[in-house]
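Coordinate-derived values only; no laboratory data. Every value quoted in this text rests on a predicted model; they were computed, and no experiment measured them. Every residue, glycine among them, receives a Cβ derived from its backbone with ideal geometry; neighbour counts consider all protein chains shown.
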Amino acid sequence: ALLRGINVGGKRIVPMKLLTMMFRDCGCASVTPCIQSGNVVFHASNSLVRRVPRTIAQHIEEQLGFTVSITIRSRTQFSRTISNNPFVARGADPATLHVGFLGLRPTSRDIARLDPEQSPGDQFEVREDVIYLHLPNGVSKTRLTTPYLERTLSTTCTVRNWRTVLKISELF
């Protein structure tokens, strides 16, 4: 589970102990949070997995007073995300790589609306329900922001740096 925009910059704080309890309380097993930025690895049946985003988001809103979008990826999907990164294959510096996990697979029309000149020097590539980002000038300087990606691709997006993606995969 990848929660968007929590515990970043001292805002929208969700303690990891509370988040872990929320996942356990809704029936998930082997719940392991990864880093403080809203990543949770867990085991659950397919029927439970379909309910987890809505249930956890509802708990967060009720207990903490804000809404959060949650994107779920299976172990297989997550592994495919790692192996399909085109910028790794091209030898890009891993420190400049990020992955945007999309809530829905964007249409080809929405993908075509992405402007390759939106952030000069930065590159992106959409593959299925992921947008790979190569940001050599740094994430703080890019104009390929989450709001831009969400608006243009007509779906939710939560971004993780490559190091975090690899760290999460170690928990599977």
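What to note about this one:
- When the helices of the chain are scored as -39500 (n - 2.57) per DSSP H run of n ≥ 4 and the total is divided over every residue, the value at 222 nm lands at -10500 deg cm²/dmol.
- Label-to-label distance, nm, for residues given as R151 and R90 (7 Å Cα→Cβ offset): 2.5
- Think of each Lys and Arg Cβ as +1 and each Asp and Glu Cβ as -1; about the Cα centre, that makes the dipole of the chain roughly 260 debye.
- Contour excess over end-to-end distance, with Cα ends at T20 and T76 and 0.36 nm allotted per residue: 17.9 nm
- Compared with the direct C-alpha span, the chain from E125 to Q36 gains 29.3 nm at full extension, assuming 0.36 nm per residue.
- Distance from the alpha carbon centroid of segment 28-46 to that of segment 138-169 works out to 20 angstrom.
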